[in-house]
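Everything below concerns the one structure shown next.
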Amino acid sequence: MTLNIEEWIIRIPVLLFAITIHEYSHGKTALSLGDPTAKNAGRLSLNPIKHIDPAGAICLFLFKFGWAKPVPVNPRFFENPRRDIVLMSLSGPIANIAAALVAGIFIRYFLLPWETYQIVFINLLFMNLGLGLFNLLPIPPLDGSHVLENVLPPKAAQKYREFGRYGPLLLLGIIMFDNFARTGILNLILIGPLIYLGHLFAGDNLFKILRLM
């Protein structure tokens, strides 16, 4: 499948939408749990510019796996920090998976014969699934790392936190190595769940569209 100019024009706002709902959900959940830090920092916003991490956006745009700029969180505001950090961390990926579900419903039940329409919803489906699933990986600074750290016993969590300082370099190294050396590490981990959920949400129409693209 070649990527023409029309598809690039479509993918940019879809990418911004996926990043925005992801980070907004983190901030909104933190606020509902008592932490106003994101709101006070101006990050409780649907303005995508406030949430873009340049490296994460480039990786998501080019490689279909990436991240946004994390919203600031102060666990001291939480009534139960370990539990609430898990809830806050999961809210971003859940928002993306929910958006993918909506896109899948449109593909399954409201499929129109317009190419642009199909490209929009395919990108909404896969970009949101890609962002949501990728962020569930337990590699710092992704959301999955915060979940894992706060469900581990305290001593194990401390060791994991120490490992976290190398997480961003490890993550970027995996992405770059995977794409340029064709190791297929991320594909092995994520493509199966991504295709499974895509088909679960969109039904057989998903493959009908992909065959035409």
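Each reported figure results from applying straightforward, stated rules to the coordinates on display, with no laboratory input. Worth saying up front: this structure is predicted, and the values here are computed from it rather than measured. Glycine gets a Cβ as well: all are built from the backbone with ideal geometry, and neighbour counts include every protein chain shown.
Among the chymotrypsin sites (Phe, Trp or Tyr not before Pro) in the range 1-62, none sits in a DSSP loop with a Cβ that has at most 14 other Cβ atoms within 10 Å. Taking 18 Å as the straight-line reach from the Cα of LYS159, the aspartates and glutamates in range (excluding those fewer than 8 positions away in the same chain) are ASP143, GLU149. With 26 Å as the limit, write out which pairs from LYS28/LYS50; LYS39/LYS69; LYS69/LYS155 have Cα-Cα distances beyond it, or answer none. Pairs exceeding the cut-off: LYS69/LYS155.
Cβ-to-Cβ counts within 10 Å put ARG108, ARG43, ARG211 in ascending order as ARG211, ARG108, ARG43, the fewest first. Compute the distance from the alpha-carbon center of the range 36-60 to that of the range 160-213, in whole Å. Here the two parts' Cα centres lie 22 Å apart.
Taking other C-beta atoms within 10 Å as the exposure proxy, GLU149, GLU162, GLU115 rank GLU162, GLU115, GLU149 from fewest upward.
Listing SER32, SER25, SER89 from fewest to most neighbouring C-beta atoms within 10 Å gives SER32, SER25, SER89. Counting only lysines at least 8 places from LYS208 when in the same chain, those with an alpha carbon closer than 24 Å to its own are LYS64. Counting Cα-Cα pairs of the chain in 5 Å increments starting at 0 gives whole-percent bin shares of 1, 7, 14, 18, 19, 16, 11, 7, 4, 2, 0, 0.
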